[in-house]
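> Sharing a structure below in structure tokens format, with a few things to ask.
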Amino acid sequence: MLKNFFLTCAGVDQNLIDNCSNGEQNKYVGIGGTIFFTAIMATIAGSYALYTVFDNVYSAIFFGIIWGLLIFNLDRFIVATIKKTDAEWNEFLQASPRIVLAVIIAIVISKPLELKLFEKEINQILLGEKNQMTLDNKAQIAAQFTPEITKKKLEIDVLKAEILSKESETNALYETDIAEAEGRKGTKLLGKGPVYKEKREKHDATMVALYQLKKENLEKIKKKELAIADLQQTQQIAVSKTQPIIANFDGLMARINALKKLPWLPSFFIFLLFSGN
């Protein structure tokens, strides 16, 4: 039964092959087995490749089976249409489509298999790429917000500096008032005379100005700090929105590109393994 199944896979005429020797029958059994198992491997490889695309087991298996049947029919048709002739060149021309198909099948089958065999190494490469993409993405987004945030921080520093400068001026005037009253500076007369009162009035006016400046600048500082917080929150939202895109950067093409960064020799031997079908 299994022999007849492989003979059917080889596309031979059952009536003719029954009259052939066992050696001839076994040759076509081998050809049929190769065609069948090539289709099986194509189904598995196609299912895995499509799983990385659809991320759904049932869809991947369904389309993988269709792909395997397509490879099976193509391979069987080409083998069945090759005819033995006395001219080697003609045989080569007949076999050339199968050679081309063998290369295509080898690539199509071996590539998903390589992706699975070297999955850990590929994941490591993708992890490094994702980390770098995350850093680059954060830097790009920060470049959009950092200038404005820096500008507002500098404005806050200027407002604080104005307050400190006014406080220093007020403290200096107060020290002058005390020195005048104690007779250490100015008129050097002990007591609170007319000069002291004049300086005291100037100090009081400066105190009022300092109070008003503090009130205005602190309100401005608060608004700018709120604006900075809003910018930083918007920046974090932008990062969080783009992060899932980076996290999902593990599709079929990304994995194939990561595979290219691995040593080529193992992949080449796997390709040769399936190109001999």
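> Once you put a point 7 Å from the Cα of Ser168 and another 7 Å from the Cα of Ala205, both along the Cβ direction, what distance in nm separates them?
Going by the 7 Å Cα→Cβ label model, 2.2 nm.
> Sticking with this structure for a sec: With labels modelled as points extended 7 Å from the Cα through the Cβ direction, what inter-label distance (nm, one decimal) is found for Ala143 paired with Phe268?
Taking the simple label geometry, Ala143 and Phe268 are separated by 4.0 nm.
> Moving on. Sort 41-48, 120-127, 61-68 for me by packing, meaning the mean count of neighbouring Cβ atoms within 10 Å per residue, highest on top.
Output ranking for 41-48, 120-127, 61-68: 41-48, 61-68, 120-127.
> What spacing in nm lies between the two simple spin-label points modelled at Ile237 and Ile104, each 7 Å away from Cα in the Cβ direction?
5.1 nm
> Mind scanning Lys130/Lys261; Lys3/Lys116; Lys220/Lys241 and naming the pairs with a C-alpha gap bigger than 25 Å?
Numbers: Lys130/Lys261 15 Å; Lys3/Lys116 32 Å; Lys220/Lys241 32 Å.
Too far apart for the 25 Å limit: Lys3/Lys116; Lys220/Lys241.
> Further question on the same structure: May I ask you to compute the full-extension gain from Asp55 to Glu155, defined as 0.36 nm times their residue separation minus their alpha-carbon distance, rounded to one decimal in nm?
Details: separation 100, 0.36 × 100 = 36.00 nm, distance 5.11 nm.
That pair, Asp55 and Glu155, stretches by 30.9 nm at full extension.
> Work out from phi, with θ = phi - 60° and the Karplus expression 6.51 cos²θ - 1.76 cosθ + 1.60, the ³J(HN,Hα) of each residue of segment 64-73, listed in order in whole Hz, and give x for Gly and Pro.
x, 5, 4, 5, x, 5, 4, 4, 4, 5
Where a number appears in this text, it was derived from the coordinates with a stated rule and is not lab data. Everything quoted here is computed from the prediction, not taken from an experiment. Every residue, glycine among them, receives a Cβ derived from its backbone with ideal geometry; neighbour counts consider all protein chains shown.
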